[in-house]
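Derivation of every value follows stated rules applied to the coordinates shown; laboratory data play no part. Predicted model only: the values in this text are computed from it and were never measured. Note that each Cβ is placed from the backbone with ideal geometry, even for glycine, and that neighbours are counted across all protein chains shown.
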Amino acid sequence: MSIRAIALDLYRAQQQVAALQKVFDQASLGERDALAQELRAAQKEMETLRKMLDGEKEAGPFRNRFTGFGGKKK
């Protein structure tokens with residue numbers, strides 16, 4: 001998955017969390033239980049996407065050192 005696609009999905013997830021948070025804040029106590037579960041799921045998805053995006057952007061030491069599976073080079 002490309003960085004652009006992940007970023008777009010993250011943006012959509014952020015918009016969904018913001019919308020759910022707004023509805024949750026205005027909901028009655030009886031409605032909040034169902035909305036809380038939905039909001040937690042949306043937040044979890046957003047965090048997963050954020051971690052994916054951060055992982056794609058970050059070039060860790062393993063990526064810089066990796067030379068392949070062919071063994072030692074001569």
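Determine, for VAL17, VAL23, the number of other Cβ atoms within 10 Å of each Cβ, and report the residues in order from fewest to most.
Details: VAL17 19, VAL23 14.
Final ranking by Cβ density, sparse to dense: VAL23, VAL17.
Once the cut-off is 19 Å, how many percent of the Cα-Cα pairs in the range 3-57 end up in the long-distance tail?
33 percent
For a quick protection proxy, order the peptides 28-36, 1-9 by their average other-Cβ count within 10 Å, most packed first.
On the way: 28-36: 10.4, 1-9: 12.2.
Going from most to least packed, we get 1-9, 28-36.
Give me the dipole magnitude in Debye, nearest 20, for the range 3-57 about the Cα centre, with unit charges on the beta carbon: positive for Lys and Arg, negative for Asp and Glu. All intermediate terms of the calculation are to be shown ahead of the outcome.
Details: 9 positive and 9 negative charges, 40 e Å.
Here the size comes out at about 180 debye.
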Margin query: How would PHE24, PHE69 line up from fewest to most surrounding beta-carbon atoms within 10 angstrom?
Written below: PHE69, PHE24
